[in-house]
Each structure stands twice: as C-alpha cells, then as structure tokens.
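The values are calculated or read from the model by the stated rules, or taken from the named source; none is laboratory data. Computed from a predicted structure; not experimentally measured. Counting neighbours? That spans all protein chains shown, and the Cβs are built from the backbone with ideal geometry, glycine included. In case anyone asks, the SASA skips ligands and DNA or RNA and just uses the protein heavy atoms, side chains included. Shrake-Rupley method; radii C 1.70, N 1.55, O 1.52, S 1.80 Å.
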Amino acid sequence: MFVPAGAHTATAERRRLDALARAGADLFEIGLAHDDAVLDGPVIQSAYRRALRRGHVLDRALRAVEHAASLRPTVLMTYWDPVARHGPERLAHRFADAGAAGIMVVDLPDDAARTWQHTAAAAGLTAPRLAPRTATDQELEAIEQTASGWLYAPASTAPTGYRGPLDLAALAAAVQRVRATGPLPIVAGIGISTPDLAASVAPLVDAVVIGTPVVRALQRPDAATATVAAFAGALGVPQQ
C-alpha cells in the first residue's frame, strides 16, 4: 500500500499505518513529498502539498519509514530531484538506517541509473525501477540491468489516480515484455482503482500496489481501513 509521508500529524500517521497493517497491507510504499510530482494525479499531489506545507519533509518521511518498517517491509517512493538535492549517498544511508528495504526513484534519469543502483546497494537497499509501457526492448533491458528488488509495470499509462477501465490484454503483453528482460519480480500499480480490478491484475504480476484509493480514504481512518481490507480480501491477503 502506498502512503504519502507527512500529510497527517506524526501521531495520526502512525495510527493509520498501524490500522492499514492490521487490515491487510503486507508492504508499504512511503512517498516522499515533492512539489513537481508529474507522474501523479491530483489526489497524491494534494497529499504532497499538505505535507510540504507542514515542512520538515525529509524528517517526516524518515519517521514514517521507521514506523512503517517496524510493521511491514517498506520502500521509499521518490522523484530524482529530492535525491539529487539531499545527496544520493546521504539519503540512501539515512533511509536504510530508518529501516527501508529499498528506494524507488520513479523518474530516475538513465544516465544516473547505474550509479544510483550501486549507491543503493552500498547502503543495503534495493533499487526498484519503473518499466514504462512505452519503453523499447533495448530500454527495458537497460532498466532491468540497473534495477534490483523488482520492476514496476504500470497497469495504466495514465497518471496515478486513473479510475477508468484497464486494458488487461495490453498489460499482459507489457508484463511479458518486461519478464523477457530478466528474473526480477514484477509489481503493478496505477489505475488499480477497485478490488475487482486488483483481482484481475494479480494473476499477471508478482504483486499489486494500491495507491490513490488508499490515499483518498486516508482522510477518514475508518474508510482507509475498510478500503485496504477490501483490496486485501480481493487479493487473498488475510487481515491481522
């Protein structure tokens, strides 16, 4: 489950993470707020703006990762600009110390990919990468060679928060192309807006990430818990 860091007070955030874990979230992706989240839709962008207004964005994200990692395996989701601004080595080691298992940079520049992979590995982190459907076979091979942990195959080509139908045949073909590049597991997210869609996507990939439906529901903790429970039920993940 994807949760943007810092959109709520630290106490409320910890309580929400606890509740989501009990409801069936078996992995957390914690989003580091960014003011130019071009791959995200309005719901996640709005959550990031709330986090940015609260300030101390990096420290809040570190605390969120630390708590999330005490509950479930946790990966930081970020854009490259904050990584470059804070310093790749410094940021990687700080989040590793907080308990993160990996850091996925959604817009990782190709010319920085190999160095970032080594930087993450030196900190004991995986470096998952986005595998866009528009990538050529050669580009997919390069992405696989500079990734670790998993590859992220978007279920939709739209920004996060897309709520329309999914072309499952096109997704299956895209996943097949990505699988041909190497052995890394494939995770799908973006556009998986309902539990039924999650159940339809799950057989095509190794894991499913739910983002915007959870972020939207986090405004009301009970609604967020129910949302996660519904998705977990559709995916056969037991509540705890």
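Scanning residues 5 or more positions from residue 155 or on other chains, those with amide H under 5 Å from its amide H are 189, 190, with H placed 1.01 Å from N in the peptide plane. If the chain linking residue 145 and residue 90 were pulled fully straight, counting 0.36 nm for each residue of separation and taking away their Cα-Cα distance, it would gain 17.4 nm. Ligands, DNA and RNA are left out, and with a 1.4 angstrom probe the accessible area of the stretch 1-41 is 34 Å² per residue. Over the residues of the chain, the helix contribution to mean residue ellipticity at 222 nm works out to -15000 deg cm²/dmol, using -39500 (n - 2.57) for each DSSP H run of at least 4.
Within the accessible surface of the stretch 198-240, defined with a 1.4 Å probe on protein heavy atoms only, the carbon and sulfur portion equals 53 percent. Note on residue 72/residue 35: beta-carbon distance plugged into 1/(1 + (r/R0)^6) with R0 of 22 Å gives a FRET efficiency of 0.20. From the Cα gyration tensor of the chain, with a ≥ b ≥ c the square roots of its eigenvalues, which class applies: rounded if a/c is under 1.5, or else prolate if a/b is larger than b/c, or else oblate? Oblate, since a/c reaches 1.5 and b/c is not below a/b. Between residue 115 and residue 158, the contour length at 0.36 nm per residue exceeds the Cα-Cα span by 12.6 nm. A full extension of the chain between residue 202 and residue 97 corresponds to an added length of 34.6 nm, given 0.36 nm per residue minus the alpha carbon distance.
Average accessible surface for the stretch 197-240: 44 Å² per residue, computed with a 1.4 Å probe over protein heavy atoms with every protein chain in place. Note on residue 122 and residue 15: the model spin-label points, each 7 Å out from Cα along the C-beta direction, lie 4.2 nm apart.
Nonpolar atom fraction for the stretch 73-135, defined as the carbon and sulfur part of the 1.4 Å probe accessible area, stands at 52 percent.
Looking at the stretch 106-165, the accessible area is 48 square angstrom per residue; that uses a 1.4 Å probe and ignores ligands, DNA and RNA. How far is it, in nm, from the label point at residue 169 to the one at residue 223 when both lie 7 Å from their Cα along the line to the Cβ? Placing both labels 7 Å along Cα→Cβ, they lie 3.6 nm apart.
The spread of Cα positions in the stretch 124-188, taken along each principal axis and listed from longest to shortest, comes to 37, 24, 16 Å.
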